[in-house]
Amino acid sequence: MANLWNWNLNRCETLLAVSGGADSVVLARFFKQLNYPFAIAHVNYGLRGDDSRADQRLVEELARELGVDCFVHSSSPEALAMSQGISLQMSARHTRYAFFEKIRSEFPGRFAKIATAHHGNDNLEHFFLYVYRGNQRVAWRGIPAENGDIIRPLLGYSKEQIYAIAVENGWQWREDGSNQKPTYLRNKIRHWIIPGLQGGLDFVKEFYELSLQQQQLLADSKPKLLLEWERWVETDKENDSLWIPEKVGNFNWLEEVKMKNFATDQLLSLGFTADQIDKMLGFTVQTGGKILGRKYTAYRTRTGWKLFRKLPKFLGGKLEITRASYQEFLLWKSENTMEKSCNTVFVSQWVQDMNLKVGSRKTGDFFLAESGKKTLLSDVFIDLKIENYLKDIYPVITNDMGEVIAVLGLKIGEKYRITQKDSSCFRLDFIQN
């Protein structure tokens with residue numbers, strides 16, 4: 001198996017993704033024969049009815065036979081596909097890897113790696129798939145044997161070799177009938193192109209070796225490219241987020257092929273797919289759009305991409321209201337920027353006797369000018385060019401009518417601004433939960 005000497009699989013437990021197919025069954029049995037500690041994870045998508053249930057039973061029986069833990073998740077990827085506007089295959093992939101990460105989070109430190117059963121034929125199919133899509137770099141690089149915490153130990157084996165090993169040892173597996181249907185491009189490559197190659201087994205092996213060479217070339221140039229990446233990409237470790245600019249001034253930092261290739265690998269390690277990365281680094285998604293990755297969600301801004309592992313949100317809190325003098329307001333104002341404070345705001349006596357509350361924005365919230373003109377908060381956000389992912393973070397102070405008194409850190413309603421005519425006013429302090 002590929003790269004075993006680098007992964008220390010005998011020292012740390014590995015989480016194996018097992019579908020019940022020949023490749024993942026062979027992977028599990030290899031781990032057992034080599035005495036590598038592992039557990040099994042299986043996702044039942046329910047897409048094939050009784051066949052899906054039979055797959056699950058086989059995997060559970062395999063885990064019992066091998067004496068390892070088996071984690072099972074039942075899911076319906078259609079709902080996610082519809083809600084996110086993505087393909088069924090992409091939805092299933094998100095569901096699968098989210099489940100793997102959930103297991104790891106529930107058992108901190110237990111699983112050092114996640115192992116999938118991709119083999120040499122998958123690697124070759126990957127090549128033709130990305131040649132067809134016009135992405136030569138991803139095509140020739142092949143499927144990485146290692147991508148962050150994900151490893152693929154069977155890439156050096158062809159599908160024929162895996163089936164031969166399973167048959168020779170009498171190991172049972174399940175066939176997924178959907179893999180035979182020419183509905184998906186990958187299946188067309190699998191059944192119409194790969195079989196037509198002369199010396200199919202050698203071709204799979206030769207491409208695997210070529211792809212390893214490409215991966216090594218990328219690895220050799222990594223230190224220099226990493227410095228460039230860190231120069232242009234802003235990383236916020238406290239909030240676990242990144243900002244990837246489209247350009248820096250008039251400078252296109254991704255123009256050089258090597259840098260774009262490196263950026264692709266960085267984003268792959270963050271859990272995005274090659275197709276998603278093409279859209280991200282091509283900056284073809286409209287402002288306000290988002291891409292849901294396995295680990296991070298990317299939000300398209302006016303100047304690039306903002307990536308969050310966990311989207312910041314309004315955490316709630318309470319509002320403390322105290323009467324203050326005009327002099328107190330002036331003293332506070334001399335030390336603070338009035339509309340940039342995210343915790344405190346001074347407003348006029350207009351709020352007296354009002355029932356004020358603080359929360360995140362709501363549909364229909366509005367500012368009311370002294371003339372009586374209403375302006376929707378949503379329009380104010382647009383005018384101020386507030387990014388979509390930030391709009392739910394701002395604490396919004398409203399009255400019972402839905403009128404916005406102030407958006408902390410952003411804007412105070414015209415009616416509630418303090419003037420020299422105000423002998424007293426009110427101080428509103430937001431105490432976050």
Computed helical MRE - 222 nm, the chain, DSSP H runs ≥ 4 contributing -39500 (n - 2.57), nearest 500: -11500 deg cm²/dmol
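What do you get for GluC sites (Glu not before Pro) in the range 368-433 restricted to DSSP loop and a cutoff of at most 13 other Cβ within 10 Å of the site's Cβ? Mind dumping the intermediate values first?
Values: sites: Glu370, Glu387, Glu403, Glu414; in loops: Glu370, Glu387.
Passing sites in the range 368-433 are Glu370.
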Qualifying lysines (Cα of each under 20 Å from Cα of Lys258; at least 8 residues distant if same chain): Lys222, Lys224, Lys247, Lys279
Nitroxide proxy distance, nm - points 7 Å out along Cα→Cβ at Arg64 and Asn239: 5.0 nm
Under 5 Å, built H, 5+ apart or other chain: amide partners of Asn147: none
Charge tally in the Cβ shell below 14 Å around Asp220, where Lys, Arg are +1 and Asp, Glu are -1, Asp220 excluded: +3
Of Leu62, Phe207, Tyr130, farthest towards positive along the dipole that unit charges on Lys, Arg, Asp, Glu beta carbons give the chain: Tyr130
Counted charge near Lys318, where neighbours are those whose Cβ lies closer than 11 Å (Asp, Glu -1; Lys, Arg +1): -1
Set of lysines with alpha-carbon distance to Lys113 below 19 Å, sequence-local pairs under 8 removed: Lys32, Lys102, Lys295
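Which net charge results for the neighbourhood of Arg104, defined as the other residues with beta-carbon distances under 15 angstrom from its beta-carbon, given Lys and Arg at +1 and Asp and Glu at -1?
Net of charged neighbours comes to +2.
Please state the charge dipole magnitude for the range 206-352, taken about the Cα centre, from unit charges on C-beta atoms (+1 on K and R, -1 on D and E), reported in debye and rounded to the nearest 20. If you can, show how the numbers build up before the last one.
Working: 21 positive and 19 negative charges, 118 e Å.
Result for the range 206-352 is approximately 560 debye, rounded to the nearest 20.
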Order of Trp243, Trp350 - criterion: other Cβ atoms within 10 Å of each residue's Cβ, fewest first: Trp243, Trp350
Extreme residue, positive dipole direction of the chain, given options Ser378, Pro153, Gln349 (C-beta unit charges): Gln349
Cβ-placed point charges (K, R +1; D, E -1), dipole of the chain about Cα centre in debye, nearest 20: 500 debye
Distance histogram in 20 Å bins (all Cα pairs of the chain, percent per bin): 21, 43, 25, 10, 1
From phi via Karplus (6.51, -1.76, 1.60), per-residue ³J(HN,Hα) for the range 403-416 in Hz, x at Gly/Pro: 7, 7, 7, 6, 10, 4, x, 9, 7, 10, x, 4, 5, 10
Karplus 3J(HN,Hα) series, Hz, for the range 359-369 with 6.51 cos²θ - 1.76 cosθ + 1.60 (x for Gly, Pro): x, 7, 4, 10, 4, x, 4, 8, 9, 10, 6
Nitroxide proxy distance, nm - points 7 Å out along Cα→Cβ at Asn399 and Tyr163: 7.6 nm
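Tally the DSSP beta bridges in the range 4-218 and give the antiparallel ones as a percent, rounded to 5. Kindly include the intermediate steps, with their values, before the conclusion.
On the way: 2 of 17 bridges.
Antiparallel bridges make up about 10 percent of those DSSP assigns within the range 4-218.
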C-alpha long axis of helix 50-66 to longest principal axis of the chain, angle in °: 70 degrees
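When the dipole is taken about the Cα centre of the range 317-432, and only Lys, Arg (+1) and Asp, Glu (-1) are charged at their Cβ, what size is it in debye, to the nearest 20?
60 debye
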Peptide ranges 14-24, 274-284 listed from the most packed, as the mean C-beta count within 10 angstrom indicates: 14-24, 274-284
Against the rule of thumb 2.2 N^0.38 Å, how large the Cα Rg of the range 4-218 comes out: 1.01
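Highest mean first, what order results for 109-119, 34-44 on Cβ atoms within 10 Å? Show your work: numbers first, answer last.
On the way: 109-119: 21.0, 34-44: 19.5.
Top of the packing list down: 109-119, 34-44.
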Distance between the range 305-349 and the range 103-124 - C-alpha centres, whole angstrom: 46 Å
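Rounded if a/c is under 1.5, else prolate if a/b beats b/c, else oblate: with a ≥ b ≥ c from the C-alpha gyration tensor eigenvalues square-rooted, which is the range 223-308?
Taking the square roots of the gyration eigenvalues as a ≥ b ≥ c, the range 223-308 is rounded.
Readers should treat all values here as calculations from the given coordinates under stated rules, not as data from a laboratory. What you see is a predicted model; the values in this text were computed from it and never measured. Using ideal geometry, Cβ is built from the backbone for each residue, glycine included, and neighbour counts are taken over all protein chains shown.
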